[in-house]
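Participant: Before anything else, here's the structure in question.
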Amino acid sequence: MKNSFLLTLAGLCIAASATAGSRSSANYSVPADSVDSAGQRGASANYVNDACAGGIVGLGTVAVPSETARHGYIGQLYEVRSLVLAANPTNVDEGTARQLAARAELDDATVLNVAGASVTWSLLNGPILSISAAGLATAANVYENTPAEVQGTWLGQVASLGLLVRNVGNDDFGTYAGDGINDAWQVQYFGVGNPAAGPGGDADGDHQNTGYEYVVGSNPVDGDSYFRFRVELVPGQPTHRNLIFSPRVAGRIYTVQYKLGLDAPGFADLAGISTTDIGPTRTVTDLNATEPNKFYHVHVTLP
Ligand SMILES: [Ca+2]
Ligand SMILES: [Ca+2]
Ligand SMILES: [Ca+2]
């Protein structure tokens, strides 16, 4: 019995780790032992000691974010007060996806994170192609930054969230994608999905097609708006010529070029010039128009 005595200390509650010295009685001997506050088991050949750290009681609160923990209860009752949706960030680039999140705000001022798959997602409006069952929202291509609104439902609670689908490509929108013309410009003049907005069309019948009017900055649905270019004599300056064109639009590069015969190969940049801008009209003066024939054109580029 002396060597087989088993000492069991159950429910010993201490606040911190402790070491006990050797001790003995007629029935047992403990050379030394220790317990710690984490509720772990200490044992030797002769004893087992299950220690505990003591009970946690009372309320624990955190101001921000607002949380309350009620210790000492085997369960906690609450009501769901509201559902809140979130995305981080709420901006999503066109053609990419953003994970939606949800949390429930409870009547004891605590919150519960709700798994995305537990929420029923839907689209209220805007360019969102799809929302997966787990709450992954995929944005469509757009022609300008465009708001969207999604909805989530969980346990009878309904919430919505605003997103902003950002336009990051200028030639990727619907039927206007990949045609070399800025989609926003096409929508501005033709609306969405109009077959007449293609670069080869001439909706206004001014004989300058839509792709051309885009580059020169004229209005493709106004037959009186088109690129004009004319050559004029300069009074008192027989070796000068005024080369007059309009409209002159911001963001374009205008280069006047020439050749000396219609059959001559290619145009060369015109040197020896002066330039005057009045409103939308630019006048480039050729200061050396001495050749018997000289053919000009204006090269317009939109970087
Ligand atoms: Ca786009
Ligand atoms: Ca386009
Ligand atoms: Ca036009």
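The values are calculated or read from the model by the stated rules, or taken from the named source; none is laboratory data. Please read all numbers here as calculations on a predicted model, not as lab measurements. Note that each Cβ is placed from the backbone with ideal geometry, even for glycine, and that neighbours are counted across all protein chains shown.
Residues checked against (1) more than 30 Å from Leu270 (Cα to Cα); (2) at pLDDT 95 or above; (3) polar (S, T, N, Q):
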site: Asn141; (1), (2), (3): yes, yes, yes
site: Ala148; (1), (2), (3): yes, yes, no
site: Gly162; (1), (2), (3): yes, yes, no
site: Pro195; (1), (2), (3): yes, no, no
site: Thr210; (1), (2), (3): no, yes, yes
site: Tyr214; (1), (2), (3): no, yes, no
site: Arg228; (1), (2), (3): no, yes, no
site: Leu243; (1), (2), (3): no, yes, no
site: Ser246; (1), (2), (3): no, yes, yes
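Participant: Please indicate, with yes or no, whether at least one residue in segment 56-63 is farther than 19 Å from Leu161 by Cα, crowded, with 17+ Cβ neighbours inside 10 Å, aliphatic (A, V, I, L, M) and at pLDDT below 70.
Facilitator: The first filter runs over segment 56-63 and keeps only residues farther than 19 Å from Leu161 by Cα, leaving 56-63.
Within this subset, residues satisfying the condition of being crowded, with 17+ Cβ neighbours inside 10 Å are none.
No, because not a single residue in segment 56-63 is farther than 19 Å from Leu161 by Cα, crowded, with 17+ Cβ neighbours inside 10 Å, aliphatic (A, V, I, L, M) and at pLDDT below 70.
Okay, residues lined up against (1) free of Cβ contacts under 8 Å to residues at least 40 places away in the same chain; (2) at positive phi:
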{"position": "Gly236", "(1), (2)": "yes, yes"}
{"position": "Val256", "(1), (2)": "no, no"}
{"position": "Leu260", "(1), (2)": "yes, no"}
{"position": "Asp263", "(1), (2)": "yes, no"}
{"position": "Ile278", "(1), (2)": "yes, no"}
{"position": "Arg282", "(1), (2)": "yes, no"}
{"position": "Asp286", "(1), (2)": "no, no"}
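Participant: Take the conditions among the aliphatic types (A, V, I, L, M) and crowded, with 18+ Cβ neighbours inside 10 Å and apply them to Val249. Does it pass?
Facilitator: Numbers: among the aliphatic types (A, V, I, L, M): yes; crowded, with 18+ Cβ neighbours inside 10 Å: no.
No; evaluated as a whole, the condition is false for this residue.
Participant: Check Ala289 against each of (1) assigned to a loop (DSSP other than H, G, I, E, B); (2) at pLDDT 95 or above; (3) under 21 Å from Gln208 (Cα atoms) and name the one condition it does not meet.
Facilitator: Result: Ala289 passes all but (3).
Participant: Which condition number in (1) surrounded by 16 or more Cβ atoms within 10 Å (Cβ to Cβ); (2) more than 16 Å from ligand 3 (Cβ to nearest atom); (3) closer than 30 Å to Pro303 by Cβ is the one that Phe190 fails?
Facilitator: (2)
Participant: Go through (1) closer than 30 Å to Asn145 by Cα; (2) away from ligand 3 (no atom under 16 Å from the Cβ) one by one and return the number of the condition Asp222 breaks.
Facilitator: Asp222 satisfies all of (1) closer than 30 Å to Asn145 by Cα; (2) away from ligand 3 (no atom under 16 Å from the Cβ) except (2).
Participant: Looking for something within 16 Å of ligand 1 (Cβ to nearest atom) and within 23 Å of the chain's Cα centre (by Cα) - is there at least one such residue anywhere in segment 149-162? Let's see the steps before the verdict.
Facilitator: Within segment 149-162, the subset within 16 Å of ligand 1 (Cβ to nearest atom) is none.
The answer is no, given that none of the residues of segment 149-162 is within 16 Å of ligand 1 (Cβ to nearest atom) and within 23 Å of the chain's Cα centre (by Cα).
This table checks each residue for (1) out of contact with any Phe, Trp or Tyr (no Cβ under 8 Å at 6 or more places or on another chain); (2) among the hydroxyl-bearing types (Ser, Thr, Tyr); (3) more than 16 Å from ligand 2 (Cβ to nearest atom).
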{"position": "Phe227", "(1), (2), (3)": "no, no, yes"}
{"position": "Glu232", "(1), (2), (3)": "yes, no, yes"}
{"position": "Gln237", "(1), (2), (3)": "yes, no, yes"}
{"position": "Val249", "(1), (2), (3)": "yes, no, yes"}
{"position": "Thr255", "(1), (2), (3)": "yes, yes, yes"}
{"position": "Gly266", "(1), (2), (3)": "yes, no, yes"}
{"position": "Gly272", "(1), (2), (3)": "yes, no, yes"}
{"position": "Thr281", "(1), (2), (3)": "no, yes, yes"}
